[in-house]
Each structure stands twice: as C-alpha cells, then as structure tokens.
Amino acid sequence: MDEQTRKKKYRGELLTAGMVLGLAMFVVLVLQYLARDLPGGFLSGLLSFAGFAVIVAVLIVYGRRAAALCPPDPVLRPGGFTYGRAFGFSILVSLLSGIVYGAGYFLMTEVVDPRYFAQGMERVAELYVSSGLMTAEQVREGMALMHNLFVVIFANMIAMSLQGGFLALFTSAIVRHRTVK
C-alpha cells in the first residue's frame, strides 16, 4: 500500500473512531436519562461504568486498527506505531468524539428535557456557590453559556479529551505493546 492510501485509511479510522465513541457515549447518556426514575442504583452505577468501558474499548479496537496501518519503516516510522503515536491517536479520537457527544448532549438539554437537565445543573451550581469555588454571579454567567451549542461542544471536547487522555495513558501502552514485536 502506498503512503497516500495508508494516510487516507488512517484518517478514516480516526474519524470513524471519533464518531463511534461520540455516539456510544451519547447512547450511554440516553440510557442514563431513561433509567433515572428506576428504583435502586445498580443500573445507574452500571451505566456509569459503561461510559468508562466504551472509551477503553474504542481506543483499543481502533488503536489496533490504526496501528496495523503504520508498520515500522526506517525512514517514515521508526519503531512503527509507538506509544506516542498511539497516545496522539487517542487524544484526536477523544476530541472528535467530544464534538458528536457535545451535539447530542445539547439536544438532550435543550430539546428532549430541558427542565430535568436544568435541575441537575442548578444542583451543581449550588454546590459551587456553597463551597466558595464560584460566586453566584459567576455561576449565572456560566449557566447562561451552557445554552450555546458551540460552548457545549467545546466544553465536551475538553471533557472527552481529559477522560480519553487519562485512559489513553493505559490503552496506548496496550496498543503499542500489541504492535511492536
């Protein structure tokens, strides 16, 4: 396979992984929303763990697929798909998934059930004010920003890159380990 074809397939894996992760995290959010009134906390705890498991699974599965597209080359890729390359791939996947998840989250909070999500945000805001981390005015300004699609997407891109980045510290070692012999 020539270098241009390899790069095109690599970008395809990157975009697909970001889309899959964003959609999977959105599905977890919807399931958590639907299970909000069920008695007992087992299902909500399980769904919280599901978000973690989805991130790990997507980063490993698509990381391996990307690693297969980057065989060692003495000039272009000495060492093949190194830990650094795997980590960078995971961060990019996380950023892209934040776009998809952020758009879905915005739909849930602004269209599906604004009252339910507003109550949750108000509880968090009260905690910030009561703990002294923020003033009431700062909280009001922050809450007003959460009705802007681009702010929500950007916030979720940051959140997903932090979550994915932390997990990528471990998954990158797994992906790299599997590809370097």
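The values are calculated or read from the model by the stated rules, or taken from the named source; none is laboratory data. All values reported here derive from a predicted model rather than from experimental measurement. Please note: Cβ atoms are built from the backbone with ideal geometry, for glycine as well, and neighbour counts cover all protein chains shown.
Points to keep in mind about this one:
- Residue among Gly79, Gly12 that alone is modelled with pLDDT under 90, small (Gly, Ala, Ser) and surrounded by fewer than 17 Cβ atoms within 10 Å (Cβ to Cβ): Gly79
- Candidates Tyr33, Tyr10, filtered to the one that is within 18 Å of Arg85 (Cα to Cα), of a type in the set (Phe, Trp, Tyr) and outside any loop (DSSP other than H, G, I, E, B): Tyr10
- Of all residues in segment 133-181 being among the aromatic types (Phe, Trp, Tyr) and closer than 20 Å to Arg85 by Cα, the one that is modelled with the lowest pLDDT: Phe170
- Residue within segment 82-103 that is loosely packed, with under 12 Cβ neighbours inside 10 Å and not β-branched (Val, Ile, Thr) present: yes
- In this entry, Leu21 is excluded by the filter for residues that are surrounded by fewer than 20 Cβ atoms within 10 Å (Cβ to Cβ) and of a type in the set (A, V, I, L, M, F, W, C).
- Looking only at segment 62-76, and only at residues there that are at pLDDT below 85 and not aliphatic (A, V, I, L, M), the one that is surrounded by the most Cβ atoms within 10 Å (Cβ to Cβ): Cys70
- Figure legend. Inter-residue proximity from segment 115-132: first residues in contact (Cβ under 8 Å) with a residue 60 or more places away in the chain, second residues exposed (fewer than 14 other Cβ atoms within 10 Å of the Cβ) and charged (D, E, K, R), beta-carbon distance below 8 Å, spacing 6+ or different chains. Indicated pairs: Tyr116/Arg36.
- Segment 50-61, residues that are over 23 Å from Ala35 (Cα atoms) and surrounded by 18 or more Cβ atoms within 10 Å (Cβ to Cβ): Val58, Leu59, Ile60
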